[in-house]
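A short write-up of the structure that comes next.
Since every read-out is calculated from the coordinates, none of them should be taken as a lab result. Small disclaimer: the values here were computed from a predicted structure and weren't measured. Positions of Cβ are backbone-derived with ideal geometry, glycine not excepted, and every protein chain shown enters the neighbour counts.
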Amino acid sequence: MTNREQKTDITFVGSGISSTFTLIYFLESIAQDFGGNTISINILNKYPEFHTGIPYGNRSGASVLLITSLKDFLPQPERDSFINWLNVNKGQLIKKMLNEGGDLTTQWTKEHALQIQNNEWEDLFVPRWFFGQYLDEKAKKLVSALEKDNRIKVSYQVAEVRDIKKTTNGFKITTNADTFSSSKVVLAIGSLPTKKLCSDVKNTNEHLLLVNNCYDPGLKENLKRIQDFTRQRKNEGKTNNVLIVGANASALELLYKLNDTRKSESYINHFTFISTHGILPDSIVDKKKQGEFEPYHLQKLKNIEDITAKDIAEATYKDLDHAESIHLGAASTVNIISNAFGALLSKLNRKELKEFACRYGNEIGRRQRCAGVHYTKTIDKLTKDSRFDHIAGRFISLKNNNIEHPFLEYSDTKTGEIKTSTRPYHIVINCIGSTTFNGENVPEILQNLIKKGICKPNESQIGIDVNKSLEATDSLYVVGPLLAGNVIENKAVWHVEHCGRITWLSKILAKELYKSFTLKDKELNTSF
């Protein structure tokens, strides 16, 4: 291990889109007006791909589509900038998409050929990889231009950060290979890792393939593993049933990609989702019912002054229950219900806002999931062919996993009864979601920061408490999903994987970083 004693001004730990947006906005401020000394920036990332993170980079691949349309995914003015970039680069982007994708990818490009030709992108569910390439190019151009002007000096390091210690004038950062010194640290490591299934089960045996992390080392590699495993079994005359644990965006993507190939039915017999609510993300807007729907329970709170986070949450649940009872899905109600409870949040004091952010926001979000029709059409076709079902329950274990017929053991959501599936499963894919701070698999860096008292988990158990400058402690900033469970600019924050929230919070942090350097520069100038 080497020791790099020369201190860096800022170290970014992680290089996903929260980190990259913060960097871009910070550098744009420097480009516009900064006359201080050269700012040294160190960017540490566990993987060799910078500025994209897992969802928008090569580990997810070039043919996985956004879960929402572009207009709902990216706010202005960034959206127009991205669209202008798409117009220039669409030829090579579509070529890469088609080379990597299969039948469903080809079908998508044919269906939207005229929109692509006419540069009508806003209603499209474009590949996430496109956005990652845009961000990467934008960040690199800014870095290059400002380095030429000697305003910044940037170092990129592939390294896994294990520990951060507070020193008298900054931080000492320990990675798997080096130690670094930095005046400021931006912690941008994304969400907590995925919960693991069946830690006592070998990942592969003759009768079972367990995929615990779809994106490690990458989606393409895991799809190849599944394909090889299922085809080998088919050649031996054996059945292949797939169990996907979870019904979130990753689950939809996996189902889509497993069917984005010629004649998937020839080697996979059946697909099953298991999720707590047993509800699939919705894609179809019922305009007639939508026009008649009103969130009555939330509206009743409008004229009541003294309300709590619990009051708003319970009213929201009742309105969601009503929507489900009349078979009106999230695509039709998400904006109506979100706007209704969002307007009520302004009535809450800071304590109650934090309560909503920590306790209720994510739970409501789990019942308001929407998706593109390309994903739900895949499910509709499989259902029509009697090749898909969805269990409402909680995964417990795989029983008899070392013999030819591994079965699912689960807790039925409605009755609480422990059940065993009648269908055996041979490929089990984990899309269950992230762990919590009181769960297993918390990264070593976070464990060490918590032990030292540098960071403190909030009651959401998925986020870290920060002050109004997004600091967990002086000069150590947090950005991205770990901001869940905070109140920032008098707004409750509970889900920071939405690009609109990411850009908003990244701008706040970029402003704070820029301010810290300009104030420092002014102090130096006035001290003589």
Between residue 235 and residue 491, the FRET efficiency computed from the C-beta separation at R0 = 60 Å comes out, to the nearest 0.05, as 0.60
Roughly how many whole Å is it from the C-alpha centroid of the stretch 310-364 to that of the stretch 1-67?
34 Å
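Using 0.36 nm per residue of separation minus the Cα-Cα distance, give me the extension gain between residue 389 and residue 76 in nm, one decimal.
Working: separation 313, 0.36 × 313 = 112.68 nm, distance 3.90 nm.
Taking 0.36 nm per residue and subtracting the Cα distance, the gain is 108.8 nm.
Take each of the peptides 60-66, 333-339, average the number of other beta-carbon atoms within 10 Å over its residues, and list them starting from the highest.
Details: 60-66: 23.7, 333-339: 18.3.
Ranking, from highest mean packing down: 60-66, 333-339.
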Taking only C-alpha positions in the stretch 135-253, Rg and Dmax in angstrom work out to 21.8, 67
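Could you give the length gained by full extension between residue 310 and residue 335, i.e. 0.36 nm per residue of separation minus their alpha carbon distance, to one decimal place? Intermediate values should be presented prior to the final figure.
Details: separation 25, 0.36 × 25 = 9.00 nm, distance 2.04 nm.
Gain on stretching residue 310 to residue 335: 7.0 nm.
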Measuring from centroid to centroid over Cα atoms, what is the spacing of the stretch 376-444 and the stretch 230-291 in Å?
12 Å
Taking a straight Cα-to-Cα line shorter than 19 Å from residue 515, and setting aside same-chain aspartates and glutamates fewer than 8 residues away, one finds 9, 28, 33, 471, 474, 489, 523
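For a test of the definition: using alpha carbon positions, the gyration tensor, and the 1.5 limit on a/c, classify the stretch 361-443 as rounded, prolate or oblate. All intermediate terms of the calculation are to be shown ahead of the outcome.
On the way: a/c = 1.64, a/b = 1.02, b/c = 1.60.
In terms of gyration-tensor shape, oblate.
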Label-point separation (nm) for residue 277 and residue 106, each offset 7 Å from Cα along Cα-to-Cβ?
3.7 nm
For the pair residue 351 and residue 409, how long in nm is the line joining their label points, each one 7 Å along Cα→Cβ?
4.4 nm
Place a point 7 Å from Cα of residue 511 in the direction of its Cβ. Which residues in the stretch 475-504 have their backbone N less than 14 Å from it?
488-491, 503-504
For a Förster distance of 56 Å, can you work out the FRET efficiency between the beta-carbons of residue 468 and residue 373, rounded to the nearest 0.05?
0.85
Taking a crude spin-label model, label points 7 Å out from Cα along the C-beta direction, the residue 292 to residue 399 distance in nm is 4.5 nm
Which Cα, out of 124, 254, 158, lies furthest along the positive dipole direction of the chain (beta carbon charges, K/R +1, D/E -1)?
158
Sequence-distant lysines (8 or more away, or on other chains) whose Cα lies within less than 26 Å of residue 289
71, 300, 302, 318, 377, 381, 384
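Once you wrap a convex hull around the alpha carbon atoms of the stretch 62-126, what is its projected area averaged over all directions, in nm²? Don't skip to the answer; put the middle values down first.
Working: hull surface 16.1 nm².
Average of the hull's projected areas for the stretch 62-126 equals 4.0 nm².
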Roughly what % of DSSP beta bridges within the chain run antiparallel, to the nearest 5?
40 percent
Less than 10 Å Cβ to Cβ from residue 432, Lys/Arg counted +1 and Asp/Glu -1: what total charge do the surrounding residues give?
+3
Note on the chain: contact order normalised by length, alpha-carbon pairs under 8 Å, 6 or more apart, percent, works out to 21 percent
Could you tell me which of 338, 320, 304 has its Cα farthest along the dipole of the stretch 287-366 towards the positive end, charges placed at Cβ (Lys, Arg +1; Asp, Glu -1), taken about the Cα centre?
338
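Starting with the highest mean, order 468-477, 452-461, 297-306, 45-54 by the number of other Cβ atoms within 10 Å, averaged over the residues of each peptide.
Details: 468-477: 18.7, 452-461: 16.5, 297-306: 12.8, 45-54: 20.8.
Those peptides, ordered most packed to least, come out 45-54, 468-477, 452-461, 297-306.
Just from its helices, what would the mean residue ellipticity at 222 nm be for the chain, if runs of 4 or more DSSP H residues each count -39500 (n - 2.57) and the sum is divided by every residue, rounded to the nearest 500 deg cm²/dmol? Please list the in-between numbers first.
Numbers: 17 runs with 208 residues, N = 528.
The per-residue figure over the chain is -12500 deg cm²/dmol.
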What is the gain in length, in nm to one decimal, between residue 420 and residue 153 on full extension, counting 0.36 nm per residue of separation less the C-alpha to C-alpha distance?
90.3 nm
Here Rg/Rh (Cα, Kirkwood) for the stretch 287-366 equals 0.97
